[in-house]
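Note sheet for the following structure.
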Amino acid sequence: MFGGGGRSSSQQQQQQQQGGGGEKVVVPRTFKLLEELEAGEKGTGVNSHHCSLGLADRDDNDDMRYWNGTILGPMQSSFENRIYSLQIEAGERYPMQPPTVTFITKINLPSCVDGRTGKVDLGKIGVTRGWTPQNSISDVLGAIFHAMARQENRKLPQPPEGTEF
């Protein structure tokens, strides 16, 4: 059904997961991304109360590489009442490697976001440490939300609303 007739080898890339009995279960990359898309559309993910995600509307997105995400700013912080938009790229090695994430909405979060480009340094929020194929794009958005909620970041002055990188 999702076999991949006509798909490139990068689209056929597979992830390995440990099964209940210790055996390796091979799950196609596409299936993993479809699971994440379904969770994002239904709002059933662990981080769904403050983060959302979906596929980007692009002509070159047949392999589900490009995603859009949003994060609602944590309450009682300088991020509160703001919606932050992000671009996400689940590259050819995803889910074996984490996605790349870049803020579209301008944000002041120097502990993990490049102030010139909006690119998130996932290593600075612990996402790349211990990354496994069971992790998800939603996990990445949740880690960014928690970085925003940290005590040292809660009161950082923010750029005017509506500004973008």
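State whether the residues of the range 10-27 include one that is modelled with pLDDT under 70 and hydroxyl-bearing (Ser, Thr, Tyr).
yes
Hey, among the residues in the range 43-86 that are on the phi > 0 side of the Ramachandran plot and open to solvent by 60 Å² or more (accessible area, probe 1.4 Å), which one's farthest from the chain's Cα centre (by Cα)?
Here the answer is 76.
Just name the residue that is surrounded by the fewest Cβ atoms within 10 Å (Cβ to Cβ) out of those in the range 103-123 that are of a type in the set (Ser, Thr, Tyr) and under 21 Å from residue 155 (Cβ atoms).
Once the filter is applied, the top-ranked residue is 111.
Go through the residues of the range 97-111 one by one and say whether even a single one is hydrophobic (A, V, I, L, M, F, W, C) and on the phi > 0 side of the Ramachandran plot.
Scanning the range 97-111 turns up no residue that is hydrophobic (A, V, I, L, M, F, W, C) and on the phi > 0 side of the Ramachandran plot.
Collect the residues in the range 124-164 that are part of a loop (DSSP other than H, G, I, E, B) and either buried (at least 18 other Cβ atoms within 10 Å of the Cβ) or of a type in the set (S, T, N, Q) (or both), keeping them in residue-number order.
Correct list: 127, 128, 132, 134, 135, 136, 151, 153, 158, 163.
The values are calculated or read from the model by the stated rules, or taken from the named source; none is laboratory data. Keep in mind it's a predicted model, so treat the numbers as computed, not measured. Ideal geometry is used to build each Cβ from the backbone, glycine not excepted, and the neighbour counts take in all protein chains shown. Surface accessibility is based on the protein's heavy atoms, side chains included, excluding ligands, DNA and RNA. Shrake-Rupley method; radii C 1.70, N 1.55, O 1.52, S 1.80 Å.
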